[in-house]
Amino acid sequence: MRRLLLPLLCGLFGGPPVLACQLALVLAVDVSGSVDSREYDIQMQGLAAALREGVIIDALIEQEAQVTLIQWTGSSRQRQTIPWTAIRTAEDVVRLADQVGKNRRVWRNYSTAIGEALVAAEDALRAAPQCTRKVIDVSGDGISNEGIHPRERHPALAEMDVTVNGLAIETDEEDLTGWFYENLIRGEGAFVMTANGFADYPHQIRRKLQREITRPLSHHQICDHAAFACDHKYRKIKVFPTNRAK
């Protein structure tokens, strides 16, 4: 129904045709020195399991999504380890999940350059098939301590109409969630979720993917898809885990 409704709206209001691909999603995974081998495995297996969830499979297929994965750490050490993958069937998603689960780590023992990770994601998006919505999904366990500051990339990301969401893996008292909120995320409806340590990561990455992939059909989404001149307020949201201590 959604696929039929949006082209009709474009026709009625003179907008451009709706693109076949509704979502280009960059999964940016932290492989910095603070992430040990066990924690890396938790991230990749948790992400793979999340991709196999039925609601996520259905949403990726419905939006004819394109998905890629980037491993990131210090300056000049970011790599697109899974190329853009077109999602048309459940088998496509399962194959992608299998690739994620088997994705070998590229680097160890380097710093945390989140701004550089955004640059790598921007480059990947420029080379991606044309999609209506572009999202960078950044997960990490520390603040940026090397390279350009993430906020310095916000103007370029705004020019490309890219949304950046974050999953803060809290491992100490530095309030990484707050830092991500203030310095990393951008775009209409951008949000941060919190994982209380790596053990909580699989549950929270599943919630995060559900939130950023399964967008409800609303006035804002119609405007996004049909390229109308919309007047809606820029919003950023913190989303805490259900078991977060008060």
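Coupling constants for the range 90-97 follow from the phi torsions by the Karplus curve (6.51 cos²θ - 1.76 cosθ + 1.60, θ = phi - 60°), and in residue order they are 4, 5, 4, 5, 5, 5, 4, 4 Hz; glycine and proline get x.
Using the Cβ-Cβ distance between Asp36 and Ala156 with R0 = 45 Å, the FRET efficiency computed as 1/(1 + (r/R0)^6) comes to roughly 0.85. The residues of the range 123-213 expose, per residue, 38 Å² of accessible area to a 1.4 Å probe. Shown are Ile42, Ile136, whose ranking by accessible area with a 1.4 Å probe and every protein chain present, most to least, is Ile42, Ile136. Of the two radii for the range 28-80, the radius of gyration is 1.07 times the Kirkwood radius, both from the alpha carbons; that is the Rg over Rh value. Between Ser75 and Asn145, the modelled label-to-label distance comes to 1.5 nm, taking each label 7 Å out from Cα in the direction of the beta carbon.
Per-peptide packing, taken as the mean over residues of other Cβ atoms within 10 Å, places 182-194, 99-111 in the sequence 182-194, 99-111 from highest down. Distance between the modelled labels on Val94 and Trp107, one decimal in nanometres: 3.5 nm (7 Å Cα→Cβ projection).
The values are calculated or read from the model by the stated rules, or taken from the named source; none is laboratory data. Because the structure is a prediction, the values reported are computed rather than measured. Please note: Cβ atoms are built from the backbone with ideal geometry, for glycine as well, and neighbour counts cover all protein chains shown. Areas reflect the complete protein model, heavy atoms only, side chains present, ligands, DNA and RNA absent. Shrake-Rupley method; radii C 1.70, N 1.55, O 1.52, S 1.80 Å.
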